[in-house]
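Step one of this worksheet: look at the structure below.
The values are calculated or read from the model by the stated rules, or taken from the named source; none is laboratory data. Bear in mind the structure is a predicted one, so any value in this text is a computation, not a measurement. Counting neighbours? That spans all protein chains shown, and the Cβs are built from the backbone with ideal geometry, glycine included. Calculation scope for accessible area: heavy atoms of the full protein, side chains included, ligands and nucleic acids excluded. Shrake-Rupley method; radii C 1.70, N 1.55, O 1.52, S 1.80 Å.
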Amino acid sequence: MTDAKKWHAETIAIVAGRDRAPGAPINVPPTFASTYRDGGEYGYGRWGNPTWTAFEAALGELEGGQCVSFSSGLAAVAALLAPLPLGTTVTYPGNGYAGTRGLLERLAKEGRLTIRTVDVVNTDEVLAGLENTDLLWLESPTNPTLGIADLPKILGAAKKAGVVSVVDNTFATPLLQQPLALGATAVVHSATKYIGGHSDLLLGAVIVADGGRRDDLVAWRTIEGSIPGVMESYLALRGLRTLPVRFAKQQHTAALLADRLSTHPNVVRVRYPGLLSDPGHERAAAHMSGYGAMLSFDVADASTADRLVASLHLIVGTTSLGGVETSIDRRGRWEGEEGVPPGLLRVSVGLEHPDDLWNDLLQALS
Ligand SMILES: *Cc1c(COP(=O)(O)O)cnc(C)c1O
């Protein structure tokens, strides 16, 4: 553990998860080992690996808890949901990440869980449902409509009511909000996105405040085999080192593009919590330390949106997000996303020059 209480996130991202012994390599190297000689800290490769440990130390410090990493974001989600006792009632965002929704629906169909959807932006609705909830799953900003939940209020109330709460913090990253400090039981990440940051790996993580829960997650990962790859862990930690500087620039460009998009006649609506006119703006300003680098905008209909994507030269049409390259995705084209407005385009803002991005959007919009 570094002196995390004193340091800013930018510093923690650089110093955390390093071996400080004299002569140690500056970066914990990828340890390619399926097994280790008896008598040491590590035994079999599925139980632990020094490269995972380094990544987990760094992300754990940034979130203010103890981190367990998994083979993907969805494996991390599954580690929180699959072992729940039979009959657990889970409340989750009806308009959140489709993968989590798909897993919950499947577990419910098999009779393992009872599920209820809620609009996490509607605080009264969330609070009213706490009574009938064992586990509350939250996502804020939501994917892809970028709604903002009142996390301090909801997490505080859940804690008081004895309801386990989980926040998917993939979009905000620990730089904008740290849900454990607000009372969340667990935080989940798709490190595939901003943390890895270069569209070259899949990795997931859960961060918890309590050591018992950490041990349970490690036990689940060991028995279930949803372990991270060694190279992925190494690359994700390498990515995490530059997360603060990437994210600051991406966020700055996102604000600029959101502003310009909102003045364009062919844009029906821009969804970005940084805009003063955005319904989530006040909430985001109150509990987040920035507005993020994801934005969505709506054009007239699906075919207009598809034509727009096809006429872009610089911005990449693809699913996924959080890389150094700016990417765009019409979410309504995917199965399971039928509720998303058909003309909604989700943009993950990268590190290109903002004027080049804007000019690309401008020519495609006309
Ligand atoms: C991508 C994503 C996930 C799933 O992560 P994978 O690494 O793709 O398995 C979970 N939550 C959110 C918000 C995501 O964007």
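Points to keep in mind about this one:
- Over segment 245-365, volume per residue of the alpha carbon convex hull, in Å³: 102
- Cα→Cβ-extended label distance, 7 Å offset, between Ser320 and Asn132, nm: 3.9
- Here is the list for segment 1-83: chymotrypsin sites (Phe, Trp or Tyr not before Pro) lying in DSSP coil, each with at most 16 other C-beta atoms within 10 angstrom of its C-beta, are Trp7, Phe32, Tyr42, Trp47.
- Accessible-area composition of segment 32-71, carbon plus sulfur, in percent [1.4 Å probe]: 50
- Surface per residue (accessible, 1.4 Å probe) for segment 9-241, Å²: 41
- D_trans [Stokes-Einstein, Kirkwood Rh over alpha-carbon pairs] for segment 54-99, 10 °C, 1.306 mPa s, µm² s⁻¹: 125
- Portion, in percent, of the accessible area of segment 245-365 that falls on carbon or sulfur, probe 1.4 Å: 54
- Of all the options Arg106, Arg46, Arg37, the one that moves most in a Gaussian network model of the chain with Cα springs shorter than 10 angstrom is Arg37.
- Within the chain, percent of DSSP bridges classed antiparallel, to nearest 5: 55
- The chain: DSSP helices with Cα axial extent of at least 27 Å and average Kyte-Doolittle hydropathy no lower than 1.6: none
- Whichever aspartates and glutamates have a C-alpha closer than 20 Å to that of Lys109, once near sequence neighbours (fewer than 8 apart) are set aside: Asp134, Glu335, Glu337, Glu338
- Available extension along the chain between Asp124 and Val268 is 49.0 nm, counting 0.36 nm per residue and deducting the alpha carbon span.
- Exposed-site-free run, longest, the chain (rule: GluC sites (Glu not before Pro); DSSP loop; at most 13 other C-beta within 10 Å): 111-334
- Segment 212-310 - Rg and Dmax from Cα coordinates, angstrom: 19.5, 55
- Considering only alpha-carbon pairs that sit under 8 angstrom and 6 or more positions apart, the relative contact order computed for the chain is 16 percent.
- One way to sum up the overall shape of the chain is the equivalent ellipsoid from its Cα gyration tensor, whose semi-axes run 33, 26, 19 Å, largest first.
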